[in-house]
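Single-structure report; data block below.
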Amino acid sequence: MRPVPVPRRLAAAIAIAASVALGVALTAPASAQELKIAVAADVTSIDPHFFNLFPNNNIAEHIFDKLVQMDADSRMIPGVATSWKTLDDRTWEFKLRRGVKFHDGSELTAEDVAFSINRVPTVPNSPGPFSAYTKAIVGIDIVDPYTIRFRTAAPHPLMPNDMSTIYIVSKKVATGAPTEDFNSGKAAVGSGRYKFVRYVNGDRVEIVRNDAYWGEKPPFARVTFRIIKNEPARMAALLSGDVDAIEQPPTADLARLKSDPKFTLTSKISHRVIYFNFDHLDRSSPFVTGKDGKPLEKNPLTDVRVRRAISKAINRPAIAERVMEGQAIPSGQLVSEKLFGHNPALKAEAYDPEGAKKLLAEAGYPNGFNLTIHGPAGRYVNDEKIVQAVAQMLARVGITAKVETAPMGPYSGRASKQEFSFHMVGWGASTGEASSPLRSLLATFNRDKGLGAVNWGRYSNTRVDYLIEQALQQVNDENRMIMLQRATELAMADLGIMPIHFQFTMWATKKNVAYTPRTDEYTLAFQFRPVRQ
Amino acid sequence: MQSVVVLFVMSLLVFVGVYAIGNPIDILINPQADQIDRERAIAALGLDKPLWEQYLVFLKGALTGDLGRSFVHATPALGLILTRMPATMELAIAAMLIAVVLGIPLGLWAGLKPNGVAGRTIMAGSILGFSLPTFWVGLMLIMVFSVMLGWLPSNGRGPTMLLFGLVPVSFLSWEGLSHLVLPATNLALFKLALLIRLTRAGTRESLLQDYVKFARAKGLSNARVIGVHVLRNIMIPIVTVIGLEFGSVIAFAIVTESVFAWPGMGKLLIDSINLLDRPVIVAYLLVIVTLFIVINLVVDVLYSALDPRVRLAEAKG
C-alpha cells in the first residue's frame, strides 16, 4: 500500500500526451482513420452464438463472417459462400469462397462452418440461442474443404435465410472455449472486416480493420462503439463532438438535427412492423366492458366487423406524421416493400370514422363499448404515444378506451398469457421475408409444430395455416412468394392482427461522415464513409 | 450476526420481487424462437423449477461465495459487479471529496457570517443544490461544458491505469481526470448542499455555547477557537452524515452514471433490471447492503476518535 510515485504518474501523463499527439499526427492527413459510434443498447457478450440479441449481433457482424450476408435492403448476397443450391428436396449445397482467412491467419474451410453450426445448440446457459436457425439441419456432409451440404428432414427453402444468421467461428480457436473466452478476446477470432480489440462491459467495444479481408475493405481503420443508452446523453455526445455518429437520435431532437448544418440525419424504413393484437378467444375478454362498466359475455373482438371498425377508426397517416414526426409509413401488411413476400395489393386501411361507426352498429354495438389498450413502454419508437393516439381515435367512434403501458419485461409476460384484450407489439422480420411474421404471429398456436409461438391473440384460420405450412416447405421461390402473399392477404382480410406502420430507423452523423442506412436496423461501421467537405 | 440476517432477508425479498416481475426469457429470447426453443432456454437457466427450489439453489451457491451467473453476460454475477465497482467507487469518492473540501469551509463561512453577502449567497446556492434534479443538472453541465464550451468530454470514463497494480482508476491521467470532473461535480452537488447546511447550523449553534465563549474569554486566537473548539464539536454529526451519505452516493450514483454513460455498477443494475437479470440484481443489492454495514462500522470507529466520551467497548465502562 504505497502511493504511486510522482515520476511514474508524470511519465504516464507524458506517455498519454505523446500518444495523443502522435495519434493526431497520424490521423490528420487521412482524416478517416478513426470512427466513434454511440450505440443505444448494451452489448452483453462477444460470443456470437451465446445470445441472439440485437446489440450482440451488431458487433458480431464486424468480427465474424456468415455464409450468406444481407445487403442494406435485407436481400441475400454471397458471404463466405459464393453460391448455394438445392441438390434435391432435402439437401442444400453451399460452395465456399477460397482463401478466406481468420484473423489468426488460418484458412476458413467447411470444417469451421460445420463446427459453428454444431456449436450453436451446445453453448451453455444461453438465454436466447440461435438454434431456431440450425434445427432444420439433420446432417452435415463436408464434401471437400470448399463444399458443404446440409440435409434436412423436410424440404426447407429458408436454408440461405437461416445461414444469414449464423456466425462462423474458428474450429481451432473456439473448440471447448467458453463464452468468457470470447469476451476476453482469446476466442474472438473471426474472419470479418474488423478484428476484435477490446470489450469493456457496459462501456465500449473497440475493433480494428482486418486488412486481409476478402471483400471490400472498410474506410475506417479503428472503430470504437460507445454504449450510451440514455437518449439525451447520446445526443450530447454527438453535439459535443465526442462521437462521430449515433443511432436512434431522440425524436424530440429531430427538428434540430435536420436544421443544424453540422449534422446529417439519415433514416430508412425498417423491417419492423408495429401492430396490434386482438383477443380472438371465445370468452368474456378481460379488458372489454359494456358502456355501463359491466363485463360483456361475448367478446366483441371475435367479430371481424368490430375489428374492421377499429382499424377504420385509426388515422394512420396522422400517427405517422405527428406522433412519429414523419419517421414511419402506414402499413396494411407484415413486411415492407422490398422484402420477399410483400403483397403490393395490400394497402394501409383508410381512415373512415363514419364507416367504423356503421360497422359497429351492424355488429350490435351502436354505442360502442369500453376497452383498455395495453402497450409496451420504451421498447419501440414512441410506443406509448402511439397507444395514446389510438385510444383517442377510438373514442371518436364510440369505443371509450383507457391506456395502460408497462416495460417490456412484465408486459410481454402478460401478453403471452392472453391477459390482454387489445395490445400493441412490434415485429422485425429478421430473416428478411414474410414467412417470419406469418409463422410466428398468425399461424395457429401449435407447440409441436413450432408454429404461432408469438400468436398472442390466438388468431386461427385453417386456410392461412395450410398456406404457411406449404410455403415453409416450398423450395420454388416464385410459388413460395405467391403462397406467402396469399396467406398475408387472407390474414389481413380477417384482421388477425392489425398493422399500424413500419417504423424508420434513424442515424445522426457529423457532416463529414455519411451512413448507408439499413432495413435491418444494424449500425455497421463498414457502412460509414468519410465525406469531403 | 445481525448483518447476516439482514443479508438473508434482503436476498429473499429481492429474489421473490424479481420473480414476481416476470419471466426473463420472455424478453431475453429472440422472438423468432418457437415454443420448444423457449422451453429449452427456460430449463437451461433453471427457471422451470419452482421458486423455492431456485432460491435453495441460489442459497447453496451463496454460502460458498457463488452468487450465480448473469443470464445475459454468462459470467459470475459477483465478478461482474466487482469489475464495475472501481468506476463507481472512484466517482463516489471524487464526489464526496468535492462535497467535503468545498462544503465544510463554505458552511463554516456561512455560519460565522450568516448575514454577510457571501453567507447569504452560499445559502441561496445550497438551496439550488438541494432542489435541482440530478439528471437535469447533469444534462446542463454537459450542455454548457461539453457542447457549448467544448472544455470537457460529455460522457464515459477516460483511459484507466492500475493503482497499486490492482485497481483500474482514471484520475491518474489528465484525460481520465477530465472525464471525471463533470460526473463527480454532478454527483457532489446534492451532498455539497447538505454539508453546507449542516456545517452552518452546527457552527451557529456551537458559537453560542459556553465553551466557545470561555475560549474567547481566555484570549485564544480566532483561528484556534474556530479550528479546534467549533470545528471539532460539529464534526460528529458531519462524520455520521458523510458516512451514511457515502453509502447512498455509491448506491444512487445510478442517475449520474446513466446521464454520463459512466460504466459503473449503478448502470449495470439498471441494465440488469431491464433484462430481469436476476443473479446480477440480487448480487448487486447484497453487495450494497454489505457496503452499508462496513461503512457504519467505519463511522463508529471514527466517532471514538473524535469524541473521547464514545468508546467502542462501552459495556466495560
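The values are calculated or read from the model by the stated rules, or taken from the named source; none is laboratory data. What you see is a predicted model; the values in this text were computed from it and never measured. Reconstructed Cβ throughout: ideal geometry from the backbone, glycine too, with neighbour counts over all protein chains shown.
Regarding A:Val397, is this residue more than 23 Å from the chain's Cα centre (by Cα) and either part of a helix (DSSP H, G or I) or closer than 30 Å to B:Val18 by Cα (or both)? For A:Val397, the condition - more than 23 Å from the chain's Cα centre (by Cα) and either part of a helix (DSSP H, G or I) or closer than 30 Å to B:Val18 by Cα (or both) - is not met. With respect to B:Pro263, is the statement that it is in contact with a helix residue (DSSP H, G or I) (Cβ under 7 Å, 6 or more places away or on another chain), surrounded by fewer than 14 Cβ atoms within 10 Å (Cβ to Cβ) and at pLDDT 75 or above true? For B:Pro263, the condition - in contact with a helix residue (DSSP H, G or I) (Cβ under 7 Å, 6 or more places away or on another chain), surrounded by fewer than 14 Cβ atoms within 10 Å (Cβ to Cβ) and at pLDDT 75 or above - is not met. For the range B:30-73, a residue qualifies if it is buried (at least 18 other Cβ atoms within 10 Å of the Cβ) and in contact with a strand residue (DSSP E or B) (Cβ under 8 Å, 6 or more places away or on another chain), and the qualifying residues are B:Asn30, B:Pro31, B:Ala33, B:Asp34, B:Ala41, B:Leu67, B:Gly68, B:Arg69, B:Ser70, B:Val72. Evaluate the following for B:Pro50: is it more than 8 Å from chain A (Cβ to nearest Cβ), on the phi < 0 side of the Ramachandran plot and either under 27 Å from the mean Cα position of the chain (by Cα) or not hydroxyl-bearing (Ser, Thr, Tyr) (or both)? Taking the combined requirement at face value, the residue satisfies it.
Taking the condition under 23 Å from A:Gly496 (Cβ atoms), free of Cβ contacts under 8 Å to residues at least 40 places away in the same chain and either surrounded by fewer than 21 Cβ atoms within 10 Å (Cβ to Cβ) or of a type in the set (A, V, I, L, M) (or both), does A:Arg305 pass?
No: the conditions fail for A:Arg305.
A:Ser421: over 21 Å from B:Asp37 (Cα atoms) and among the small types (Gly, Ala, Ser), yes or no? For A:Ser421, the condition - over 21 Å from B:Asp37 (Cα atoms) and among the small types (Gly, Ala, Ser) - is met.
When A:Tyr380, A:Tyr365 are screened for being in contact (Cβ under 8 Å) with a residue 12 or more places away in the chain, under 20 Å from A:Phe504 (Cβ atoms) and not in a strand (DSSP E or B), only A:Tyr380 passes. Here A:Ser436 clears all of (1) outside any loop (DSSP other than H, G, I, E, B); (2) within 14 Å of another protein chain (Cβ to nearest Cβ); (3) touching a helix residue (DSSP H, G or I) at 6+ places or on another chain (Cβ under 6 Å); (4) under 19 Å from A:Ala491 (Cβ atoms) except the condition numbered (3).
When B:Lys218 is tested against the conditions (1) touching a residue at least 40 places away in the same chain (Cβ under 8 Å); (2) over 26 Å from the mean Cα position of the chain (by Cα), the lone failure is (1).
Within the range B:271-286, residues that are within 12 Å of another protein chain (Cβ to nearest Cβ) and farther than 12 Å from B:Arg69 by Cβ sit with their Cβ atoms under 6 Å from residues that are outside any helix (DSSP H, G or I) and not hydroxyl-bearing (Ser, Thr, Tyr), at 6+ positions apart or across chains, in these pairs: B:Asp271/A:Asp42; B:Leu275/B:Val72.
Which of the residues belonging to the range B:2-29 are surrounded by 14 or more Cβ atoms within 10 Å (Cβ to Cβ), among the polar types (S, T, N, Q) and more than 14 Å from every other protein chain (Cβ to nearest Cβ)? Quick ask: steps written out before the conclusion?
Start the filter on the range B:2-29 by keeping residues that are surrounded by 14 or more Cβ atoms within 10 Å (Cβ to Cβ), which leaves B:3, B:6-7, B:10-12, B:14-15, B:18-19, B:21-29.
Then drop every residue that is not among the polar types (S, T, N, Q), which leaves B:3, B:11, B:23.
The answer is B:Ser3, B:Ser11.
The residue that is nearest to the chain's Cα centre (by Cα), among those in the range A:117-145 that are of a type in the set (Ser, Thr, Tyr) and buried (at least 18 other Cβ atoms within 10 Å of the Cβ), is A:Tyr133. Could you list all residues from the range A:57-76 that are within 17 Å of A:Asp477 (Cβ to Cβ) and either at pLDDT 95 or above or touching a Gly at 6+ places or on another chain (Cβ under 8 Å) (or both)? Answer for the range A:57-76, where residues must be within 17 Å of A:Asp477 (Cβ to Cβ) and either at pLDDT 95 or above or touching a Gly at 6+ places or on another chain (Cβ under 8 Å) (or both): A:Val68, A:Met70, A:Ser74, A:Arg75, A:Met76.
Return yes when A:Lys172 is surrounded by fewer than 19 Cβ atoms within 10 Å (Cβ to Cβ) and within 20 Å of A:Tyr199 (Cβ to Cβ) and no when it is not. Taking the combined requirement at face value, the residue does not satisfy it. If only residues of the range A:213-228 that are surrounded by 19 or more Cβ atoms within 10 Å (Cβ to Cβ) and in a loop (DSSP other than H, G, I, E, B) are counted, the one that is nearest to the other protein chains (Cβ to nearest Cβ) is A:Ile228.
Might you let me know whether the range A:354-365 holds any residue that is away from chain B (no Cβ under 14 Å), acidic (Asp, Glu) and closer than 20 Å to B:Pro31 by Cα? No, because not a single residue in the range A:354-365 is away from chain B (no Cβ under 14 Å), acidic (Asp, Glu) and closer than 20 Å to B:Pro31 by Cα. Taking each residue of the range A:81-108 that is under 13 Å from A:Leu67 (Cα atoms) and in contact (Cβ under 8 Å) with a residue 40 or more places away in the chain and looking for partners that are among the basic types (Lys, Arg) and surrounded by fewer than 12 Cβ atoms within 10 Å (Cβ to Cβ) with beta-carbon atoms closer than 9 Å, six or more apart or interchain, yields A:Trp92/A:Lys85; A:Glu93/A:Lys85; A:Phe94/A:Lys85; A:Lys95/A:Lys85.
The rows are residues; the columns are (1) among the hydroxyl-bearing types (Ser, Thr, Tyr); (2) assigned to a strand (DSSP E or B); (3) more than 29 Å from A:Gly450 (Cβ to Cβ); (4) within 14 Å of another protein chain (Cβ to nearest Cβ).
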| residue | (1), (2), (3), (4) |
| --- | --- |
| A:Trp92 | no, yes, no, no |
| A:Lys95 | no, yes, yes, no |
| A:Ala114 | no, no, no, no |
| A:Ile117 | no, no, no, no |
| A:Ser126 | yes, no, no, yes |
| A:Ala132 | no, no, no, yes |
| A:Ile140 | no, yes, no, no |
| A:Phe150 | no, yes, no, no |
| A:Pro155 | no, no, no, no |
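Considering the range A:449-485, the residues that are under 24 Å from A:Asp303 (Cβ atoms), in contact (Cβ under 8 Å) with a residue 60 or more places away in the chain and not hydrophobic (A, V, I, L, M, F, W, C) include one that is surrounded by the most Cβ atoms within 10 Å (Cβ to Cβ), namely A:Gly457.
In the range B:248-260, which residue that is of a type in the set (A, V, I, L, M) and either at the interface with chain A (Cβ under 8 Å from one of its Cβ atoms) or more than 27 Å from B:Val4 (Cβ to Cβ) (or both) is surrounded by the most Cβ atoms within 10 Å (Cβ to Cβ)?
Ranking the candidates gives B:Val259 first.
When you look at B:Leu192, is it surrounded by 15 or more Cβ atoms within 10 Å (Cβ to Cβ), more than 10 Å from chain A (Cβ to nearest Cβ), closer than 20 Å to B:Ile238 by Cβ and modelled with pLDDT under 85, yes or no? No: the conditions fail for B:Leu192.
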